[in-house]
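**Student:** I'd like to ask you about the structure that follows.
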Amino acid sequence: MTRVTDLYARAQQSLAGGVSASTRLNRALGHPLYFDRSAGCRLWDLDGREYIDLCCSHGAALIGHGDARVIAAVQAALARGAACSYENELHSELAELLCQTIPACERVRFTGSGTEATMHTIRLARAFTGRSKLIKIEGHFHGYHDQVMYSIGTPADQLGDEHAPNKYRGSAGMAPGLDEQLILVPYNRPDLLEQAIREHAHEVAAVICEPIYYNAGCILPTKEFLSVLREQTRAHNVLLIFDEVLCAFRMCAGGAQQYLGVTPDLCTIGKAIGGGFPISAFGGRRDIMETLMPHGNCQHSGTYNGHIVSVAAAIAAVNAYREPGFYEHISALGAKLFPGLNAILKQHGVAGHVQGLGARFGVYFGVPGEVRSYRDAVQHQRATMLTFIAAAIRNGVYFHDYGGGACHHGFCSAMTLSDADVALSRLDRAVGEMVA
Ligand SMILES: Cc1ncc(COP(=O)(O)O)c(C=O)c1O
């Protein structure tokens with residue numbers, strides 16, 4: 001037994017399932033990988049083995065691990081006592097930065113996690129419109145609260161008709177009846193989206209979506225889908241919520257909404273915002289945001305909201321994303337890694353391909369052609385993915401497994417072009433082992 005497997009056995013004696021979060025077990029390995037330390041784009045496990053990190057804290061570590069600017073900001077906040085649940089000037093500084101950077105944001109609020117951000121945004125949309133239903137896109141992921149944990153990870157044989165996709169439950173224990181609040185539409189089906197908005201506008205508060213669908217790897221919206229999304233919601237007084245927990249800062253400082261040139265009414269911002277520290281936000285039109293207490297009647301609060309250590313880290317991280325050259329570097333890394341991995345798969349005769357944008361990407365095995373929706377992504381071969389990830393980890397590249405499903409992987413800005421070359425040569429060995 002290695003220290004890693006020893007620790008998993010120990011963890012199972014006190015932590016439920018041996019993990020702090022259900023998805024933290026890496027199914028490609030059969031246990032979580034326990035990391036001792038990290039720096040830049042690298043991780044070291046408890047046995048001292050080094051990995052290039054292509055999970056990057058599920059996207060939270062866009063700036064890399066232990067960034068000096070983030071650490072200095074955190075240390076300065078700690079030196080002031082790190083008193084939480086109080087306001088200071090850093091909250092306004094971060095709010096101003098977000099309002100300057102993210103097109104939809106005229107006002108923002110802070111939350112602890114992305115799950116809380118979508119939960120509060122949905123309540124706000126309902127409070128503002130006085131309507132309760134949501135149009136949700138099939139497969140899109142909006143966190144772990146019961147309102148939205150439907151139609152995520154639906155098995156291929158349970159999708160149902162695309163005119164009325166199955167409201168597959170993401171967990172046991174969800175209160176019955178919540179699914180009645182959801183109307184599901186497949187991604188990139190502008191005809192079905194338009195029909196749903198027209199039929200249900202009188203009872204729908206908002207359409208919520210991942211504007212770039214990274215939770216199934218990396219799937220971009222078509223022009224037609226985007227234009228129905230914005231024009232029909234506006235025409236029918238339905239709010240448009242972009243869940244940018246994962247997209248924000250990923251390909252440009254203004255996130256998917258800037259990249260796509262579509263401004264939603266409300267948006268959530270998570271993961272990368274905190275430079276690896278726990279903070280998320282939601283924001284949008286001033287008239288909607290003013291519905292929040294204390295001005296309005298919609299509740300949003302929390303002891304740890306805007307925790308000062310995370311706020312300080314976020315200011316440092318967002319300022320870094322706004323630095324000239326930040327996204328040129330991200331693009332250069334993507335331009336090396338995405339075709340590089342495609343070439344490796346082709347050279348070894350493995351039927352797989354990469355779709356990526358900015359600092360995140362999906363790898364799809366056994367899906368012919370471009371993946372354009374959850375229905376395409378669910379055809380991807382999970383067993384091949386787990387074999388690939390196990391081989392990558394053996395060769396010093398860390399991927400999270402997401403159960404082998406089509407999901408998002410990514411790199412950080414601390415990676416250099418020569419680190420990307422190292423990652424590719426390790427992946428070349430890994431894919432060679434897969435077919436050996
Ligand atoms: C699009 C999206 N929304 C919400 C969430 C939930 O965020 P958190 O894990 O911070 O609660 C995630 C997390 O992966 C996400 O990708």
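**Student:** Test Asn319 against the stated conditions and say whether it is farther than 28 Å from Ile152 by Cα, out of contact with any Asp or Glu (no Cβ under 9 Å at 6 or more places or on another chain) and part of a helix (DSSP H, G or I).
**Tutor:** Yes.
**Student:** Additional query: Scan the range 392-422 for residues that are closer than 19 Å to Tyr364 by Cβ, part of a helix (DSSP H, G or I) and in contact with a Phe, Trp or Tyr (Cβ under 8 Å, 6 or more places away or on another chain) and jot them down.
**Tutor:** Passing the criteria: only Ala392.
**Student:** Let me ask another. Out of all the residues in the range 169-212, which are under 23 Å from the mean Cα position of the chain (by Cα) and β-branched (Val, Ile, Thr)?
**Tutor:** Across the range 169-212, the qualifying residues are Ile183, Val185, Val207, Ile208, Ile212.
**Student:** Give Val228, Val245 a once-over and let me know the one that is away from the ligand (no atom under 16 Å from the Cβ) and either buried (at least 24 other Cβ atoms within 10 Å of the Cβ) or of a type in the set (A, V, I, L, M, F, W, C) (or both).
**Tutor:** Val228
**Student:** Would you be able to tell me the number of residues in the range 13-26 that are under 20 Å from the mean Cα position of the chain (by Cα) and surrounded by 12 or more Cβ atoms within 10 Å (Cβ to Cβ)?
**Tutor:** Count: 4.
**Student:** Please indicate, with yes or no, whether at least one residue in the range 73-81 is assigned by TED's automatic domain parsing to the domain that holds Ile269 and either within 16 Å of the ligand (Cβ to nearest atom) or in contact with a Phe, Trp or Tyr (Cβ under 9 Å, 6 or more places away or on another chain) (or both).
**Tutor:** Yes: the range 73-81 contains one or more residues that are assigned by TED's automatic domain parsing to the domain that holds Ile269 and either within 16 Å of the ligand (Cβ to nearest atom) or in contact with a Phe, Trp or Tyr (Cβ under 9 Å, 6 or more places away or on another chain) (or both).
**Student:** Given the conditions (1) in contact with a strand residue (DSSP E or B) (Cβ under 7 Å, 6 or more places away or on another chain); (2) surrounded by 21 or more Cβ atoms within 10 Å (Cβ to Cβ); (3) within 23 Å of Arg42 (Cβ to Cβ), and given that Ile389 satisfies all but one, which numbered condition is not satisfied?
**Tutor:** Ile389 satisfies every listed condition except (1).
**Student:** Right, another one. So in the range 231-242, with the set limited to residues that are among the aliphatic types (A, V, I, L, M) and within 16 Å of the ligand (Cβ to nearest atom), which one is surrounded by the most Cβ atoms within 10 Å (Cβ to Cβ)?
**Tutor:** The extreme case among them is Ile241.
**Student:** Continuing with this model, one more query. Those residues that are at pLDDT below 90 and in a loop (DSSP other than H, G, I, E, B), I need them from the range 7-31; list them, please.
**Tutor:** Result: Leu25, Arg27, Ala28, Leu29, Gly30.
**Student:** Filter the range 248-264 down to the residues that are touching a Ser or Thr at 6+ places or on another chain (Cβ under 7 Å) and away from the ligand (no atom under 15 Å from the Cβ) and list them by number.
**Tutor:** Passing the criteria: Ala253, Gly254.
**Student:** Could you tell me whether the range 114-128 includes any residue that is of a type outside the set (Phe, Trp, Tyr), closer than 22 Å to Thr23 by Cβ and in contact with a helix residue (DSSP H, G or I) (Cβ under 9 Å, 6 or more places away or on another chain)?
**Tutor:** Yes, there is a match, as at least one residue in the range 114-128 is of a type outside the set (Phe, Trp, Tyr), closer than 22 Å to Thr23 by Cβ and in contact with a helix residue (DSSP H, G or I) (Cβ under 9 Å, 6 or more places away or on another chain).
**Student:** In the range 55-72, what residues are within 16 Å of the ligand (Cβ to nearest atom) and of a type in the set (A, V, I, L, M, F, W, C)?
**Tutor:** Hits for the range 55-72 are Cys55, Cys56, Ala60, Ala61, Leu62.
The values are calculated or read from the model by the stated rules, or taken from the named source; none is laboratory data. This structure is a prediction, so every number in the text was calculated from the model and none was measured. Every residue, glycine among them, receives a Cβ derived from its backbone with ideal geometry; neighbour counts consider all protein chains shown.
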